[in-house]
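Structure first, commentary second.
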Amino acid sequence: MKTDSIHMKLFLHTFLLLSSLYLQAQTEIITDTIKDQMLDEVTIRSYRQHLKVLGLPDVHKTFLVAGKKNEVIQVSDLPLNLAEKTGRQLFAKIPGAFIYDMDGSGNQVNVSTRGLDPHRGWEFNVRQNGIITNSDMYGYPASHYNVPMEAIDRVELVRGTASLQYGAQFGGMINYVTKKAPKDKNFSFESINTTGSFGLMASYNAIGGTIGKFSYYAFHHVRNSDGYRDQSRSVSDAQQLSLNYAFSDKLNLTFDLSRSYYRFQLPGPLTDSMFRADPRQNTRSRSFYSPEILIPSISLDWKISENTQLNWVVSGIFGTRSSILFEGLANRPDTIQASTLRYLPRVIDIDKFNSKTSELRLLHRYRTGPFKHYLVTGFRWFDNDMSRRQQAPGSTGTDYDLKPTGPFRRDLMYRSNTLAFFAENTIFLTSAFSISPGLRYEFGQSKLTGQIVYLEDQNVPNKIRHNLPAFGISGQYVLSQGIKLYGGISQAHRPVILKDIIPASVLERADQDLKNATGYVSELGLNARVADWLRADLSTFLIRYNDRLGNLFIRENDSVAYTFKTNIGDSRTRGIELYLEITPLYNSKSLFSLYSSTSLMKGEYLNANVRVSSSENRNIDRNELESVPRWISRNGAQFAYKNLNCTLQYSYVSETYADALNTKVPSPDGSIGLVPAYGIWDLYGSLRFGTRYMIRAGVNNLSDESYFTKRPLFYPGPGIWPSDGRSFYLSFGAKF
């Protein structure tokens, strides 16, 4: 209650401050209006920029992008629900983007593309301002860092054939670029305050400016929500400080310090009958989840010569992922025991991250004859030291209490040291045709040590060697201005992570010769930007994913039987992606466009077997992959008139399977079965006043559809986790 009071006072204080500043600025509104009228052409360009998906240049800082599928989402002025990070709106124009709702609206965005696993984006190399934010790339590659979307200027995506330069993830790279200090002001102030359904209150406040060669930017963000479901309250806060000093026009040094925290009260999974009766009900009131992440970094940008540019980043990820849970399936009630008049003890898990990274990149331009070529080389060094303590008995209380009442049943350390070298060369064979061959080589090892109470000490240690060469090539052919062909193929990998090698009980064993999952990503596409009326991208892709991890049933000597965690087989995902936007109306004051972002995919197992009972394995060759919808289609109409932007969007996701056996009939506990198809309508918009003020408002899930996106196999617990029903929001922003 005290925290709520502080946040409410902060919100009211900010609102009163803005109201005072608004009254003081009345005399400036007429001048601002005159300026708006004089700068109509600038406003037009703003519509073009923010209502259409853009692309990166062929050479982006020290990264080579030519021949790779890429998109840029301009976030800062989009008329969407920033406070709740509504993923289907944010990634509306990214074909095949699958959004997994599990952490409550406004917390982390769980997104994937091309049928990969969306859990905390761990199939992506996730970055902020080019700084890696995956918590532990070799132990727990999820991105627990939770940046507020109000702080983001744009989101950059480069698909899987970028694995050689960014890191060898199958999904490619996603980079959240934060807002920067204005170059023409010593001091600026921005505030965005949002209220909405289910007790939503959020406040973002930022300052920034440039004084001579020095620039600074800092923000503070708080957010509270009671949540759509009963007992699903979340609180969060985040801060960032960015300092930059330009020694000259060729040498810049930047220091960033970012922090995020949130605590989410997990309402628990539901069975199918519970979901049909009331999707807002809860089965847990004493379960909590909370990550707190700190990311410091120092970046050096040096233009060594007209043709050579260097970027060197040293960064770290420090923090925890903590939970206290009452474990069990949806049909196991969490009730007061008649014998003790108390609840049963909960279970405490705490991960600690201590990851350090150094990444150096060198871009060099050179000529052969009339053509200029680009070569990028560099290295990335990781030192990850992760502590995992799990299954300690917790309190019988109802609050967020991480004090164990007994020892941790698992107390482990997972240490990874890796070094990667990479090089890629964009070579122009003609002025219109370029190819970009490249290679990457990662080597190192991960070592597990510690204690698991139900295993003998000698059965705990495990060592995973990383010896991962990767090769690839991409190409691009410009057919005419605004129209190009692109394509490529690149090897990728996903390292064995900590959860893959920890036996769940004395009846499990982990393979001492586990292999990292390897494979490749290939794509071929056509991108077209014709004047102001047509933007389109049509592509096809294939992902081959070898040596997937899973469980097998093993019997030794006709007596000893156990579950064996090992590589179970391969998979293949094929698909077609289409982004099409037509703008039939476009003039100095108005814009009207229609868009479709649609993917057709099929993911299937190849040469794979999986454990199905305590005594049986089953071949799952040609079974469909879990959580890979055949169809994902987002379609919308956008209208802009002067400073008013509105969007009406329909999002459709077809049914998916929850398990590798492709079980259709739901189990009594809701943990397996089909995930039904769903379609969601959203209406959202924004209105600017002068050059300083903006109002955003909208209705999410207009038809109040009851739906869920996945039946998770592990966290936050097997069963149905309903997504949000209809909600409203209103946001007011101001810049000075």
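The values are calculated or read from the model by the stated rules, or taken from the named source; none is laboratory data. Computed from a predicted structure; not experimentally measured. Don't worry about glycine lacking a Cβ; one is built from the backbone with ideal geometry, like all the others, and counts go over all protein chains shown.
Considered as a group, the residues in the range 349-372 that are without any contact (Cβ under 8 Å) to a residue 40 or more places away in the chain, assigned to a strand (DSSP E or B) and not β-branched (Val, Ile, Thr) include one that is surrounded by the fewest Cβ atoms within 10 Å (Cβ to Cβ), and that residue is Arg367. Contact map, the range 603-614: residues that are closer than 11 Å to Arg572 by Cα paired with residues that are hydrophobic (A, V, I, L, M, F, W, C), Cβ distance under 7 Å, separation 6+ or inter-chain. Pairs shown: Gly603/Leu625; Gly603/Val628; Glu604/Leu625; Tyr605/Ile620; Tyr605/Leu625; Tyr605/Ala660.
Is it the case that Arg229 is touching a residue at least 60 places away in the same chain (Cβ under 8 Å) and among the basic types (Lys, Arg)? Step through it out loud before you land on a result.
Values: touching a residue at least 60 places away in the same chain (Cβ under 8 Å): yes; among the basic types (Lys, Arg): yes.
Yes: the conditions hold for Arg229.
Residue count for the range 307-332 satisfying the condition of being modelled with pLDDT under 95 and out of contact with any Ser or Thr (no Cβ under 7 Å at 6 or more places or on another chain): 3.
This table checks each residue for (1) surrounded by fewer than 24 Cβ atoms within 10 Å (Cβ to Cβ); (2) among the charged types (D, E, K, R).
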| residue | (1), (2) |
| --- | --- |
| Ser76 | yes, no |
| Leu80 | no, no |
| Ala83 | no, no |
| Leu90 | yes, no |
| Pro95 | no, no |
| Asp101 | yes, yes |
| Gly104 | no, no |
| Val109 | no, no |
| Thr113 | no, no |
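Given the residues Glu655, Glu705, which is the only one that is touching a Leu at 6+ places or on another chain (Cβ under 6 Å) and modelled with pLDDT of 95 or more? Show your work before the answer.
Numbers: Glu705 fails: touching a Leu at 6+ places or on another chain (Cβ under 6 Å).
Residue meeting the stated conditions: Glu655.
In this structure, Ser633 qualifies as surrounded by fewer than 22 Cβ atoms within 10 Å (Cβ to Cβ), closer than 25 Å to Asp704 by Cα and within 23 Å of the chain's Cα centre (by Cα). Scanning the range 681-693 for residues that are touching a Lys or Arg at 6+ places or on another chain (Cβ under 9 Å) and surrounded by fewer than 21 Cβ atoms within 10 Å (Cβ to Cβ) turns up Gly685, Leu687, Arg688, Gly690, Thr691, Arg692, Tyr693. Can you confirm whether Arg127 is in contact with a strand residue (DSSP E or B) (Cβ under 9 Å, 6 or more places away or on another chain), basic (Lys, Arg) and not in a loop (DSSP other than H, G, I, E, B)? So Arg127 fits the description; yes. Residue count for the range 92-110 satisfying the condition of being without any contact (Cβ under 8 Å) to a residue 60 or more places away in the chain and of a type in the set (A, V, I, L, M, F, W, C): 1. In the range 236-253, the residues that are basic (Lys, Arg) form Cβ pairs under 8 Å with partners that are surrounded by fewer than 17 Cβ atoms within 10 Å (Cβ to Cβ) and not in a strand (DSSP E or B), at six or more places apart or across chains, as follows: Lys250/Ile304. Restricting attention to the range 380-418, the residues that are surrounded by 15 or more Cβ atoms within 10 Å (Cβ to Cβ) and over 26 Å from Val460 (Cβ atoms) add up to 6.
Picking from Arg389, Arg346, which residue would you name as being free of Cβ contacts under 8 Å to residues at least 60 places away in the same chain and in contact with an Asp or Glu (Cβ under 9 Å, 6 or more places away or on another chain)? Lay out the reasoning, then the answer.
Working: Arg346 fails: free of Cβ contacts under 8 Å to residues at least 60 places away in the same chain.
Of Arg389, Arg346, the one residue that is free of Cβ contacts under 8 Å to residues at least 60 places away in the same chain and in contact with an Asp or Glu (Cβ under 9 Å, 6 or more places away or on another chain) is Arg389.
Restricting the range 426-442 to residues that are touching a residue at least 60 places away in the same chain (Cβ under 8 Å) and out of contact with any helix residue (DSSP H, G or I) (no Cβ under 7 Å at 6 or more places or on another chain) leaves a set whose member that is surrounded by the most Cβ atoms within 10 Å (Cβ to Cβ) is Ser436.
If I go through the range 259-298 residue by residue, how many of them are in contact with a strand residue (DSSP E or B) (Cβ under 8 Å, 6 or more places away or on another chain), part of a loop (DSSP other than H, G, I, E, B) and basic (Lys, Arg)? Of the residues in the range 259-298, 2 are in contact with a strand residue (DSSP E or B) (Cβ under 8 Å, 6 or more places away or on another chain), part of a loop (DSSP other than H, G, I, E, B) and basic (Lys, Arg).
Considering only the range 370-387, I want to know if a residue exists there that is over 30 Å from Leu300 (Cα atoms) and modelled with pLDDT of 95 or more.
Here is the first cut: in the range 370-387, the ones over 30 Å from Leu300 (Cα atoms) are 370, 387.
Restricting the remaining residues to those that are modelled with pLDDT of 95 or more gives 387.
The answer is yes, given that some residue of the range 370-387 is over 30 Å from Leu300 (Cα atoms) and modelled with pLDDT of 95 or more.
Taking (1) closer than 26 Å to His119 by Cα; (2) touching a strand residue (DSSP E or B) at 6+ places or on another chain (Cβ under 7 Å); (3) at pLDDT below 95 in turn, Leu534 satisfies each apart from (1).
Summed over the range 285-310, the residues that are out of contact with any Phe, Trp or Tyr (no Cβ under 7 Å at 6 or more places or on another chain) and of a type in the set (A, V, I, L, M, F, W, C) give a count of 2.
Kindly evaluate Ser315 against the criterion of being touching a residue at least 12 places away in the same chain (Cβ under 8 Å), closer than 30 Å to Pro666 by Cα, buried (at least 19 other Cβ atoms within 10 Å of the Cβ) and of a type in the set (S, T, N, Q). Criteria not met by Ser315. Scanning the range 717-732 for residues that are part of a loop (DSSP other than H, G, I, E, B) and either under 30 Å from Ser188 (Cβ atoms) or acidic (Asp, Glu) (or both) yields a single hit, Asp724.
Taken together, the residues in the range 411-457 that are assigned to a strand (DSSP E or B), within 30 Å of Phe326 (Cα to Cα) and either modelled with pLDDT under 95 or of a type outside the set (Lys, Arg) (or both) amount to 9.
Just one residue in the set Arg342, Arg346, Arg365, Arg321 is under 25 Å from Arg263 (Cα atoms) and touching a His at 6+ places or on another chain (Cβ under 8 Å); that residue is Arg321.
Applying the criterion of being of a type in the set (D, E, K, R) and within 11 Å of Tyr657 (Cβ to Cβ) to the residues of the range 605-629, the residue that is surrounded by the fewest Cβ atoms within 10 Å (Cβ to Cβ) is Glu624.
Of the set (1) surrounded by 21 or more Cβ atoms within 10 Å (Cβ to Cβ); (2) touching a Gly at 6+ places or on another chain (Cβ under 7 Å); (3) at pLDDT below 95, all apply to Pro495 but (2).
Restricting attention to the range 396-406, does a residue exist that is over 26 Å from Pro267 (Cβ atoms) and over 28 Å from the mean Cα position of the chain (by Cα)? Talk me through it step by step, then tell me what you get.
First pass over the range 396-406, keeping only residues over 26 Å from Pro267 (Cβ atoms): 406.
So of that shortlist, the ones also over 28 Å from the mean Cα position of the chain (by Cα) come out as 406.
Yes, because at least one residue in the range 396-406 is over 26 Å from Pro267 (Cβ atoms) and over 28 Å from the mean Cα position of the chain (by Cα).
In the range 190-215, of all residues being crowded, with 18+ Cβ neighbours inside 10 Å and without any contact (Cβ under 8 Å) to a residue 40 or more places away in the chain, the one that is farthest from the chain's Cα centre (by Cα) corresponds to Thr210.
How many residues are surrounded by fewer than 20 Cβ atoms within 10 Å (Cβ to Cβ) and over 14 Å from Gly525 (Cα atoms) if we restrict to the range 575-592? Residues meeting the conditions: 9. The set of residues in the range 669-716 that are more than 17 Å from Pro118 (Cβ to Cβ), touching a residue at least 60 places away in the same chain (Cβ under 8 Å) and not in a strand (DSSP E or B) comprises Asp669, Gly670, Ser671, Gly673, Gly690, Thr691, Arg692, Ser706.
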